[in-house]
Amino acid sequence: MALRLGDIAPDFSAETSEGKINFHEYLGNGWGVLFSHPADFTPVCTTELGAVAKLRDEFSKRNTKVIALSVDGLENHKSWIGDINETQNTIVNFPIIADKDRKVSELYDMIHPNASENFTVRSVFIVGPDKKVKLMITYPASTGRNFDELLRVIDSLQLTANYSVATPANWNHGEDVIVVPAIKTEDIPAKFPKGHKVIKPYLRTTPQPDL
Ligand code: BEZ
């Protein structure tokens, strides 16, 4: 059955550019991003993996490990990493799964035959410390992903994991957040002492509580 939000992210062991990895062990107690790309030695994928490498400190700050995947083999991955480092001015600092037998791609439904029989689409999964899937997005092969958006989602998920808040459209770290409907308006001051606004009885905002 297809994977859904809230499901346990299926565990697996796989060969990667950094050796054999067990997914759940690799994530440890932190957050994770598992993302697939269609193929090695392709232009959009080259820019994507370079972009992720450059965000290493941002992912680390958020206690988040990343791991990439394609159905290419290990030798291709290793050779392509040289090209990524050279052309994107970075050093690839995360493992790339060599999923030649499609074991992981099938586990995560990353091959969409009506898009391509042979290649994984651009899937993204964010996994929480409880190993549950928190986000799934699928992009077409022709569109390189916005990895700043993934950082923004991780910020939102980490905030909402700790406080009774949700984040509004286009929210960014530091901006006001929404108090969830389960909190009564009269209980807001005790829970959110930084203040709040009641725009409608169902739309209450407060400054980001963890700053
Ligand atoms: C790319 O990464 O450039 C790419 C891969 C597959 C199809 C189209 C573009």
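The values are calculated or read from the model by the stated rules, or taken from the named source; none is laboratory data. Since the model is a prediction, treat every value here as computed from it, not as a measurement. All Cβ positions, glycine included, derive from the backbone under ideal geometry; neighbour counts span all protein chains shown. In case anyone asks, the SASA skips ligands and DNA or RNA and just uses the protein heavy atoms, side chains included. Shrake-Rupley method; radii C 1.70, N 1.55, O 1.52, S 1.80 Å.
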*For region 46-109, which helices (runs of 4 or more DSSP H) that fit wholly inside it have 1 or more residues that are under 21 Å from K131 (Cα atoms) and either without any contact (Cβ under 8 Å) to a residue 12 or more places away in the chain or open to solvent by 20 Å² or more (accessible area, probe 1.4 Å) (or both)?*
56-61, 103-107
*Is it true that R122 is surrounded by fewer than 18 Cβ atoms within 10 Å (Cβ to Cβ) and in the same structural domain as H24 (by TED's automatic domain parsing)?*
no
_For region 138-164, give me each residue that is within 15 Å of R122 (Cβ to Cβ), open to solvent by 70 Å² or more (accessible area, probe 1.4 Å) and either under 12 Å from the mean Cα position of the chain (by Cα) or acidic (D, E) (or both)._
T138, N146
*Flag if V127 is away from the ligand (no atom under 16 Å from the Cβ), assigned by TED's automatic domain parsing to the domain that holds P38 and either surrounded by fewer than 18 Cβ atoms within 10 Å (Cβ to Cβ) or under 27 Å from A68 (Cα atoms) (or both)*: yes
_Filter result (among the hydrophobic types (A, V, I, L, M, F, W, C) and within 16 Å of the ligand (Cβ to nearest atom)) within region 10-41_ = F35, A39, F41
